[in-house]
């Protein structure tokens, strides 16, 4: 760490940690910041996006932090509602991700800024809205510094109205992500009209998301068909939203090769790229291709690399448990919860190689694919320029709230022509 960076880091540590983080970790030397700070750093670099690593296990968290430190990159650590909400399939959850991150950052001497993001906080109906009003404050009390309010499962008018209702529970300093178009692969692709409707309606009521996520052709989990992120569609939608200063959040990057991801970084306004399944598989020692997709043998089984990831004995236990539960393919993700403590009990040499494999993969993404290297100093600059943990909004109100009353929202939504794709459970 250079003398100038060390000086800026010390100053940022004093003013850049949000109040919930300072309250939880008063003596910490970990620079946990708002998601806004990370977005601004990537925008300042230009044609760059950073990883939002889904910390499904502690080895992923440790490896991602080490890679970011090496790359001098500002990053996001996240967990989604399906992964770490009240029905979690991971030991990492909304309420312990910040604590795990703070512990590891202090232990490892991590000096890059990190945001803690509650991803895909899904809303599917009135009961979810009522629960969210109680639960969302608890996430910020636990150290979350950024959230994705995802009501994309609902019709366009309800998506907007629900997003407005729940935005009141998100601190103004925190990062905010919104979503249009449920992530369904090549079905139900988002349109410019849908995206503009959502962002314009939010803007009219002074809600200024940092990111918008789209259904732009990708899917969660292990990819089984030949399609992926539609770069042209993404660029078109981002261009239409440019005056509202909203960045892109790219979901489902596993399954898209490095060349396509480079194009997303260089040709769109994306600053946040979620990576989940690939990191989990790599930590376990499963072979993945350039797409981050787990490779299968002739029998359709995952290929476990020798002398990588978990021990062979542990892998056999994991496979047996999955078979007993009827879990196949992408549902191997459900092994995270019952096996976290068993994996933490493995020999130190094994635990280190699990984290190292994640570090190597993430470092390559940050430096050679996402163009995120050296964004940590830019994040510090944003904090120091504001002199505060709250760096403000990128946008200002341009829309007339009188044109975006609940009645007019419903009227406008009725005129939108779109294909939402098939019904079903598309959560990861």
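The values are calculated or read from the model by the stated rules, or taken from the named source; none is laboratory data. All figures in this text were calculated on a predicted structure; none of them were measured in a lab. Methodologically, a virtual Cβ is constructed for each residue, glycine included, from the backbone with ideal geometry; neighbour enumeration extends over all protein chains shown.
Determine whether residue 134 is modelled with pLDDT of 95 or more, out of contact with any strand residue (DSSP E or B) (no Cβ under 8 Å at 6 or more places or on another chain) and surrounded by fewer than 18 Cβ atoms within 10 Å (Cβ to Cβ). Working first, answer last.
Values: modelled with pLDDT of 95 or more: yes; out of contact with any strand residue (DSSP E or B) (no Cβ under 8 Å at 6 or more places or on another chain): yes; surrounded by fewer than 18 Cβ atoms within 10 Å (Cβ to Cβ): yes.
In short, yes.
In region 337-387, how many residues are over 19 Å from the mean Cα position of the chain (by Cα), within 19 Å of residue 53 (Cα to Cα) and not in a helix (DSSP H, G or I)?
1
Please count how many residues of region 93-102 are in contact with a strand residue (DSSP E or B) (Cβ under 8 Å, 6 or more places away or on another chain) and in contact (Cβ under 8 Å) with a residue 60 or more places away in the chain.
Taking region 93-102 and keeping what is in contact with a strand residue (DSSP E or B) (Cβ under 8 Å, 6 or more places away or on another chain), we get 93-94, 97-98, 101-102.
Pick out the ones that are also in contact (Cβ under 8 Å) with a residue 60 or more places away in the chain and you get 98, 101-102.
Total satisfying the criteria: 3.
Only one of these conditions is not met by residue 291: (1) part of a helix (DSSP H, G or I); (2) surrounded by fewer than 22 Cβ atoms within 10 Å (Cβ to Cβ). Which number is it?
Going through (1) part of a helix (DSSP H, G or I); (2) surrounded by fewer than 22 Cβ atoms within 10 Å (Cβ to Cβ) one by one, residue 291 breaks only (1).
Say we look at region 247-275 and pick out the residues that are modelled with pLDDT of 95 or more and assigned to a loop (DSSP other than H, G, I, E, B); which of these is surrounded by the fewest Cβ atoms within 10 Å (Cβ to Cβ)?
Only one residue fits best here, namely 269.
Do we have any residue at all in region 131-145 that's part of a loop (DSSP other than H, G, I, E, B) and within 24 Å of residue 419 (Cα to Cα)?
Taking region 131-145 as the starting set, the residues that turn out to be part of a loop (DSSP other than H, G, I, E, B) are 142-145.
Pick out the ones that are also within 24 Å of residue 419 (Cα to Cα) and you get none.
Looking through region 131-145, none of the residues is part of a loop (DSSP other than H, G, I, E, B) and within 24 Å of residue 419 (Cα to Cα).
From the list 82, 86, pick out the single residue that is in contact with a strand residue (DSSP E or B) (Cβ under 9 Å, 6 or more places away or on another chain), within 28 Å of residue 343 (Cα to Cα) and surrounded by fewer than 24 Cβ atoms within 10 Å (Cβ to Cβ). Step through it out loud before you land on a result.
Numbers: 86 fails: in contact with a strand residue (DSSP E or B) (Cβ under 9 Å, 6 or more places away or on another chain).
Criteria check complete, one pass: 82.
Restricting attention to region 335-375, which residues are farther than 26 Å from residue 111 by Cα and free of Cβ contacts under 8 Å to residues at least 40 places away in the same chain? Quick ask: steps written out before the conclusion?
Here is the first cut: in region 335-375, the residues farther than 26 Å from residue 111 by Cα are 335-343, 345-347.
Hits for region 335-375 are 335, 338, 339, 342, 345, 346, 347.
Any chance you could count how many residues in region 231-243 are closer than 15 Å to residue 201 by Cβ and touching a strand residue (DSSP E or B) at 6+ places or on another chain (Cβ under 9 Å)?
Result for region 231-243: 1.
As an exercise: evaluate residue 112 against (1) closer than 27 Å to residue 180 by Cβ; (2) in contact with a helix residue (DSSP H, G or I) (Cβ under 8 Å, 6 or more places away or on another chain); (3) buried (at least 20 other Cβ atoms within 10 Å of the Cβ) and give the number of the one condition it does not meet.
Just one mismatch for residue 112, condition (1).
Just to be sure, is residue 190 buried (at least 23 other Cβ atoms within 10 Å of the Cβ), modelled with pLDDT under 95 and under 30 Å from residue 408 (Cβ atoms)? Steps first, please.
Details: buried (at least 23 other Cβ atoms within 10 Å of the Cβ): yes; modelled with pLDDT under 95: yes; under 30 Å from residue 408 (Cβ atoms): yes.
It is true that residue 190 is buried (at least 23 other Cβ atoms within 10 Å of the Cβ), modelled with pLDDT under 95 and under 30 Å from residue 408 (Cβ atoms).
Can you tell me which residue among 394, 319, 333 is crowded, with 16+ Cβ neighbours inside 10 Å and not in a helix (DSSP H, G or I)?
Values: 319 fails: not in a helix (DSSP H, G or I); 333 fails: not in a helix (DSSP H, G or I).
On inspection, the qualifying residue turns out to be 394.
Would you confirm whether any residue within region 196-214 is buried (at least 19 other Cβ atoms within 10 Å of the Cβ), on the phi > 0 side of the Ramachandran plot and either in a loop (DSSP other than H, G, I, E, B) or modelled with pLDDT of 95 or more (or both)?
no
Could you please give the count of residues in region 68-118 that are assigned to a loop (DSSP other than H, G, I, E, B) and closer than 16 Å to residue 38 by Cβ?
Taking region 68-118 first, the residues assigned to a loop (DSSP other than H, G, I, E, B) are 72-74, 85-96, 109-113.
After this cut, where a residue has to be closer than 16 Å to residue 38 by Cβ as well, the list is 72-74, 110-113.
Residues meeting the conditions: 7.
Identify, by number, the condition in (1) under 26 Å from residue 70 (Cα atoms); (2) over 25 Å from the mean Cα position of the chain (by Cα); (3) free of Cβ contacts under 8 Å to residues at least 24 places away in the same chain that residue 324 doesn't meet.
Exception for residue 324: condition (1).
List the helices (runs of 4 or more DSSP H) inside region 1-47, counting only whole elements, that have at least 1 residues being in contact with a helix residue (DSSP H, G or I) (Cβ under 8 Å, 6 or more places away or on another chain), within 17 Å of residue 246 (Cβ to Cβ) and at pLDDT 95 or above.
Details: elements: 3-15, 19-24, 35-45.
Fully inside region 1-47 and qualifying: 35-45.
Restricted to region 48-67, and to residues that are without any contact (Cβ under 8 Å) to a residue 60 or more places away in the chain and assigned to a helix (DSSP H, G or I), which residue is nearest to residue 385 (Cα to Cα)? Give the steps one after another, and end with the answer.
Of region 48-67, the ones without any contact (Cβ under 8 Å) to a residue 60 or more places away in the chain are 55, 61, 65.
So of that shortlist, the ones also assigned to a helix (DSSP H, G or I) come out as 61, 65.
Working: 61: 29, 65: 25 Å.
Result: 65.
Restricting the search to region 43-60, which residues are farther than 23 Å from residue 1 by Cα, over 13 Å from the mean Cα position of the chain (by Cα) and crowded, with 22+ Cβ neighbours inside 10 Å?
Hits for region 43-60 are 57, 59, 60.
When you scan region 61-76, do you find a residue that is within 26 Å of residue 231 (Cα to Cα), modelled with pLDDT of 95 or more, more than 16 Å from the chain's Cα centre (by Cα) and surrounded by fewer than 24 Cβ atoms within 10 Å (Cβ to Cβ), even just one?
No; the residues of region 61-76 include none that is within 26 Å of residue 231 (Cα to Cα), modelled with pLDDT of 95 or more, more than 16 Å from the chain's Cα centre (by Cα) and surrounded by fewer than 24 Cβ atoms within 10 Å (Cβ to Cβ).
Out of 165, 177, I need the residue that is surrounded by fewer than 22 Cβ atoms within 10 Å (Cβ to Cβ) and within 20 Å of residue 208 (Cβ to Cβ). Which one?
Working: 177 fails: surrounded by fewer than 22 Cβ atoms within 10 Å (Cβ to Cβ).
Only one candidate qualifies: 165.
Test residue 300 against the stated conditions and say whether it is in a loop (DSSP other than H, G, I, E, B) and surrounded by 22 or more Cβ atoms within 10 Å (Cβ to Cβ). Full working, then the answer.
Working: in a loop (DSSP other than H, G, I, E, B): yes; surrounded by 22 or more Cβ atoms within 10 Å (Cβ to Cβ): no.
Against the criterion (in a loop (DSSP other than H, G, I, E, B) and surrounded by 22 or more Cβ atoms within 10 Å (Cβ to Cβ)), residue 300 does not qualify.
Look at residue 338 and say whether it is at pLDDT 95 or above and within 23 Å of residue 208 (Cβ to Cβ). Please lay out each step first, then the result.
Working: at pLDDT 95 or above: yes; within 23 Å of residue 208 (Cβ to Cβ): no.
Taking the combined requirement at face value, the residue does not satisfy it.
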